[in-house]
Protein chains: 10
Amino acid sequence: MQTIFVQFKCRPGAAYRVADRLVEEIEEISEVYSTSGHYDLIAKFYLDPERDIGHFVTERLQVLDGVSDTFTTVAFKAFGRG
Amino acid sequence: MQTIFVQFKCRPGAAYRVADRLVEEIEEISEVYSTSGHYDLIAKFYLDPERDIGHFVTERLQVLDGVSDTFTTVAFKAFGRG
Amino acid sequence: MQTIFVQFKCRPGAAYRVADRLVEEIEEISEVYSTSGHYDLIAKFYLDPERDIGHFVTERLQVLDGVSDTFTTVAFKAFGRG
Amino acid sequence: MQTIFVQFKCRPGAAYRVADRLVEEIEEISEVYSTSGHYDLIAKFYLDPERDIGHFVTERLQVLDGVSDTFTTVAFKAFGRG
Amino acid sequence: MQTIFVQFKCRPGAAYRVADRLVEEIEEISEVYSTSGHYDLIAKFYLDPERDIGHFVTERLQVLDGVSDTFTTVAFKAFGRG
Amino acid sequence: MQTIFVQFKCRPGAAYRVADRLVEEIEEISEVYSTSGHYDLIAKFYLDPERDIGHFVTERLQVLDGVSDTFTTVAFKAFGRG
Amino acid sequence: MQTIFVQFKCRPGAAYRVADRLVEEIEEISEVYSTSGHYDLIAKFYLDPERDIGHFVTERLQVLDGVSDTFTTVAFKAFGRG
Amino acid sequence: MQTIFVQFKCRPGAAYRVADRLVEEIEEISEVYSTSGHYDLIAKFYLDPERDIGHFVTERLQVLDGVSDTFTTVAFKAFGRG
Amino acid sequence: MQTIFVQFKCRPGAAYRVADRLVEEIEEISEVYSTSGHYDLIAKFYLDPERDIGHFVTERLQVLDGVSDTFTTVAFKAFGRG
Amino acid sequence: MQTIFVQFKCRPGAAYRVADRLVEEIEEISEVYSTSGHYDLIAKFYLDPERDIGHFVTERLQVLDGVSDTFTTVAFKAFGRG
């Protein structure tokens with residue numbers, strides 16, 4: 001699986017509506033939080049290995065009503081206690 | 001209690017109207033100041049321990065007329081003379 | 001529980017040693033990933049509700065050998081399918 | 001009284017020692033918190049009206065061992081319920 | 001007296017009209033210059049000691065037609081040859 | 001295959017020595033250029049699908065003598081004329 | 001040949017349409033990828049030695065529907081195993 | 001003579017039209033180039049010693065159709081082989 | 001006369017010593033203030049029309065003990081009530 | 001010919017020595033100025049068409065004593081009155 005973090009800046013007052021729609025409509029979502037700082041939300045998604053991350057972010061996430069900007073961070077490796 | 005600082009950038013000329021409404025309508029407010037620098041206002045809020053800070057900021061504060069951007073800083077610990 | 005994300009910038013070549021020590025020594029860790037972009041690592045931690053986040057970050061994480069900078073983001077609410 | 005907020009970036013692992021010294025040695029302090037984001041601490045100080053803020057920040061605060069940078073925000077007006 | 005510097009970013013082509021109005025309408029002004037760099041103008045104002053700087057900037061300066069952004073710097077102390 | 005772009009900031013005068021070593025020692029390299037702007041070099045690497053990108057960047061690239069900073073961009077999809 | 005990298009920020013949801021048009025209409029293109037980070041796309045172009053890069057970027061690329069910003073990096077030299 | 005460099009950010013697709021008008025209409029121009037990086041154009045102007053640079057930039061250059069932002073750098077001294 | 005503003009970032013605790021030396025040793029100085037924000041000091045200087053500003057800043061000001069960075073803004077025109 | 005602008009940040013007090021050496025030792029130089037703003041110097045160079053710009057900047061310019069950082073902008077086209 002591929003793991004990505006996407007941070008969302010939303011239009012004023014729209015962040016929770018965006019978070020609700022992420023949970024309802026995007027099945028690849030693992031978790032979504034409202035956060036401190038510049039961005040309103042951070043979400044983690046698991047995608048199939050051959051899935052196109054760019055298509056997912058620009059065609060599935062950026063088009064949600066209320067989203068004004070996104071920032072994508074790819075997680076390369078999960079360290080664990082083994 | 002949870003303590004947060006929220007800085008507000010307002011539309012030109014709207015900062016004091018925003019400050020007045022914060023004082024009148026947001027009972028969780030502890031203090032609000034107009035400030036030097038990039039932001040127009042800084043406010044401190046005390047929220048109940050189980051209160052959702054993100055919901056408070058995006059649904060109660062960002063929707064006030066005249067607010068164009070917010071930046072949220074969480075205060076973790078109050079140091080004191082004990 | 002309190003949830004925080006901490007991003008780490010490490011000295012050149014030190015990021016994986018830092019990640020290993022996070023997993024071995026910091027029991028509050030939930031997950032840690034190496035990432036794209038400016039920072040080398042992102043980690044998520046769960047802390048007890050009364051735990052002091054600032055103390056945890058500055059006294060437990062920043063002091064790990066190889067860490068040159070940290071950025072802390074507090075997660076306010078976990079949205080879920082309920 | 002004059003009210004200022006000063007944010008502190010400290011050397012890794014030094015933030016709480018700085019906070020303790022602020023409380024112990026700087027009597028003008030009103031409150032100090034560890035925080036999320038880029039800076040480690042935010043503190044509020046009340047100074048006498050004729051007090052020189054710049055002297056206070058550069059000669060009293062910047063010289064504390066462990067402080068690597070400061071950012072000063074002046075609070076102009078405290079809005080209140082009157 | 002309180003001394004502040006305010007930098008102005010104006011809409012394209014509007015900077016000199018803003019400067020003229022500052023001189024004509026804002027009696028607290030000491031000097032205003034067009035400048036190099038990102039901002040179009042820098043102005044210095046002297047305000048009475050009890051005057052509210054934030055109110056002055058947001059209600060008197062930001063509302064001038066052609067102003068798109070302001071940045072306020074407070075001058076704490078004037079060093080002199082004594 | 002996974003495709004990544006890595007930008008390198010090098011110590012003054014060291015960029016070409018770093019570029020030469022990238023070509024000689026890093027077989028996953030596809031191309032490396034000296035560039036305009038803030039960074040000195042941009043390089044593209046192809047990694048096996050199961051290869052850990054973070055490990056590659058921090059343990060293989062950041063440790064090259066003369067490298068002072070890196071910025072990693074992951075390429076998700078190669079568009080083509082098909 | 002001259003080699004340039006151009007990064008594209010697109011309007012929300014428009015990045016893949018822009019990528020498709022780059023491939024279909026811009027014959028100087030060598031490759032285009034969707035990417036992590038702030039920009040949506042990175043593309044590499046080969047231009048004839050006497051070709052005007054600025055004209056190409058502003059008159060051929062910036063005018064594509066959906067493009068909101070571009071950043072151009074010139075590649076000076078391709079290092080190779082020769 | 002006074003020497004200044006002005007960098008121009010133009011609306012998408014407008015940079016060459018702006019450059020042409022600079023050459024045709026602004027006789028103080030010495031040279032103008034399209035460039036790599038964030039800005040689209042850099043131009044150098046020679047102004048009479050008593051000429052007001054700020055007026056020139058805001059009233060003559062910023063008002064050209066297609067200009068969205070300018071950044072002015074003043075050249076203090078020309079070093080030469082003498 | 002030429003008018004310039006120079007902002008100074010000083011080493012921690014050195015700002016007032018720098019300000020004192022500016023007043024004592026730099027006769028071109030008009031005024032110097034300690035300030036809010038990122039920089040510690042702002043100073044205004046009047047130079048003879050044929051004076052080389054760059055030489056003045058780098059050879060006279062940057063070399064003062066305790067100065068770590070400077071930022072120079074040229075004032076083009078003083079607007080006045082005439 | 002290829003035209004590039006290189007901006008130089010120098011160690012405090014070293015900018016004029018760097019400028020002198022640029023004029024004396026770098027024959028490709030066309031002009032060099034001390035400037036306002038963040039950088040100390042801007043220089044323009046003309047290079048033969050087949051000359052490697054990256055090599056020139058990193059091996060000839062960055063190694064001059066006193067240079068702490070450089071930023072390279074490529075000039076694509078010189079607009080002219082024809």
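Quick note: the coordinates plus some simple rules give every number you see, no bench work behind them. All values reported here derive from a predicted model rather than from experimental measurement. Here Cβ is always computed from backbone atoms with ideal geometry, including for glycine, and neighbour counts include all displayed protein chains.
Odds and ends about this structure:
- Among F:28, F:59, F:50: highest mean-square fluctuation, GNM of chain F, C-alpha pairs under 10 Å: F:50
- Working from label points 7 Å from Cα in the Cα-to-Cβ sense, the residue A:26 to residue B:55 distance is 2.1 nm.
- Around the Cα centre of the range A:2-75, unit charges on the Cβ atoms of Lys, Arg, Asp and Glu (plus for the first two, minus for the last two) sum to a dipole of about 320 debye.
- In a simple Cβ point-charge model (Lys, Arg +1; Asp, Glu -1; nothing else charged), the protein assembly as shown has a dipole of about 0 debye relative to its Cα centre.
- Dipole of the range J:2-75, positive end: most advanced residue of J:41, J:29, J:55 [Cβ charges, Cα centre]: J:41
- Choice from G:13, G:54, G:37 with maximal GNM fluctuation in chain G (Cα, 10 Å cutoff): G:37
- Residue-by-residue Karplus 3J(HN,Hα) for the range F:5-12, coefficients 6.51, -1.76, 1.60, Hz, glycine and proline x: 10, 10, 9, 10, 9, 10, 5, x
- For the residues of H:21-30, the average number of beta carbons from a partner chain within 10 Å of their own beta carbon is 1.
- With neighbours defined as other Cβ atoms within 10 Å of a residue's Cβ, the residues E:3, G:58 order from fewest to most as E:3, G:58.
- Here the protein assembly as shown has an Rg and Dmax of 27.0, 78 Å, counting Cα atoms alone.
- For residue I:31, nonlocal amide neighbours, meaning residues 5 or more places apart or on other chains whose placed amide H falls under 5 Å from its own, are I:44.
- Closest approach to the axis - chain D beta-carbon, rotation onto H, Å: D:38, 12
- Taking θ as phi - 60° and the Karplus parameters 6.51, -1.76 and 1.60, the scalar couplings of the range A:47-59 work out to 10, 4, x, 8, 6, 8, 5, x, 4, 4, 5, 7, 9 Hz in sequence order, x denoting glycine and proline.
- Euclidean distance of C-alpha centroids, the range J:1-28 and the range J:67-81, integer Å: 13
- Computed 3J(HN,Hα) for the range A:32-45, one whole-Hz value per residue from the Karplus formula 6.51 cos²θ - 1.76 cosθ + 1.60 where θ = phi - 60°, is 9, 10, 7, 9, 6, x, 7, 8, 8, 9, 10, 10, 10, 10, glycine and proline marked x.
- Other-chain or far-sequence residues with amide H under 5 Å of residue D:40's (modelled H): D:8, D:9, D:10
- Pairs from A:9/B:9; C:9/G:44; E:77/I:44 whose Cα-Cα separation, in the structure shown, is over 21 Å: C:9/G:44
- Compactness ratio for chain B: Cα radius of gyration over 2.2 N^0.38 Å (N = residue count) comes to 1.08.
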